[in-house]
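The values are calculated or read from the model by the stated rules, or taken from the named source; none is laboratory data. This is a predicted model, so every value here is computed, not measured. Cβ sites come from the backbone with ideal geometry, for glycine too, and all protein chains shown count toward neighbours.
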Amino acid sequence: MKKIAIYPGSFDPITNGHIDLIKRASKLFDSVIIGITQNSKKSAFLTINDRLKGAKDALMGIDNIEVISFDTLLVDFAKAQNAQIILRGLRAVSDFEYEFQLSGMNKHLNPNIETLFMTPAEQYANISSSLVREILSLGGDISSFVPVNIEILLKENCA
Ligand code: ADP
């Protein structure tokens, strides 16, 4: 059986931290599906189309990945994609409580799907999409936090 992992998130925008995790995961699983949530639409900075295209362009060259948007329950999306694994990233202890709760509820909703946690390389551990957006809005340099295509996309959205 193929090992398929879903890496869900809002990816608003995808950062070098997300990408580091995806590269690591792509070596562990047969396929990694980056699932971009549509439901946080109201508060999203980038449109779902921009987040999808931005992630696809940023991940070009990694063969066994797919980028898909979804607006259903995560466990239902995972089942529809024949995925057995939900992948989440842990940066610091502060991520743990929320992620622990989320994985517990998902396990309750579908006990057949396991949540696995991965950590990024040290230099990416402080990057978050929300801080990237904040730095950008204040005119700061975001070039070490996101790939070039995302930097361009974000600046277009600020103009
Ligand atoms: P969400 O809105 O669901 O938290 P995000 O797009 O912010 O989605 O993040 C998706 C996943 O990636 C989460 O598990 C988050 O903890 C993880 N993540 C976010 N930033 C990083 C990073 N710099 N390194 C590793 N994992 C990260």
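Cβ-Cβ distances below 8 Å connect the following pairs, each with a first residue in the range 125-140 that is of a type outside the set (A, V, I, L, M, F, W, C), a second residue that is exposed (fewer than 15 other Cβ atoms within 10 Å of the Cβ), and a separation of six or more residues or different chains: Ser137/Cys158. If only residues of the range 20-54 that are farther than 18 Å from Leu116 by Cβ and of a type in the set (A, V, I, L, M, F, W, C) are counted, the one that is nearest to the chain's Cα centre (by Cα) is Ile36. When Glu66, Glu99, Glu134 are checked against the criterion of being among the charged types (D, E, K, R) and closer than 24 Å to Met1 by Cα, Glu66 stands alone in meeting it. Of all the residues in the range 3-49, those that are closer than 18 Å to Leu102 by Cα, out of contact with any Phe, Trp or Tyr (no Cβ under 9 Å at 6 or more places or on another chain) and small (Gly, Ala, Ser) number 3.
Residues in the range 83-122 that are surrounded by fewer than 18 Cβ atoms within 10 Å (Cβ to Cβ), among the basic types (Lys, Arg) and modelled with pLDDT of 95 or more: Lys107 alone.
Against the condition part of a loop (DSSP other than H, G, I, E, B) and within 16 Å of the ligand (Cβ to nearest atom), how does Ile150 come out, does it pass? The answer is no for Ile150. Applying the condition of being under 20 Å from Leu28 (Cα atoms), within 16 Å of the chain's Cα centre (by Cα) and not β-branched (Val, Ile, Thr) to the range 59-82 and asking which residue is surrounded by the fewest Cβ atoms within 10 Å (Cβ to Cβ) yields Met60. Summed over the range 101-124, residues that are in contact (Cβ under 8 Å) with a residue 24 or more places away in the chain and not in a helix (DSSP H, G or I) total 11. Within the range 1-51, the set of residues being aromatic (Phe, Trp, Tyr) and either more than 11 Å from the ligand (Cβ to nearest atom) or in a loop (DSSP other than H, G, I, E, B) (or both) comprises Phe11, Phe29, Phe45. Which one is farthest from Val32 (Cα to Cα), of the residues in the range 74-93 that are near the ligand (Cβ under 10 Å from one of its atoms) and not in a strand (DSSP E or B)? The qualifying residue farthest from Val32 (Cα to Cα) is Ala92. So, Glu99, is that one within 13 Å of the ligand (Cβ to nearest atom) and out of contact with any helix residue (DSSP H, G or I) (no Cβ under 8 Å at 6 or more places or on another chain) or not? So Glu99 fits the description; yes.
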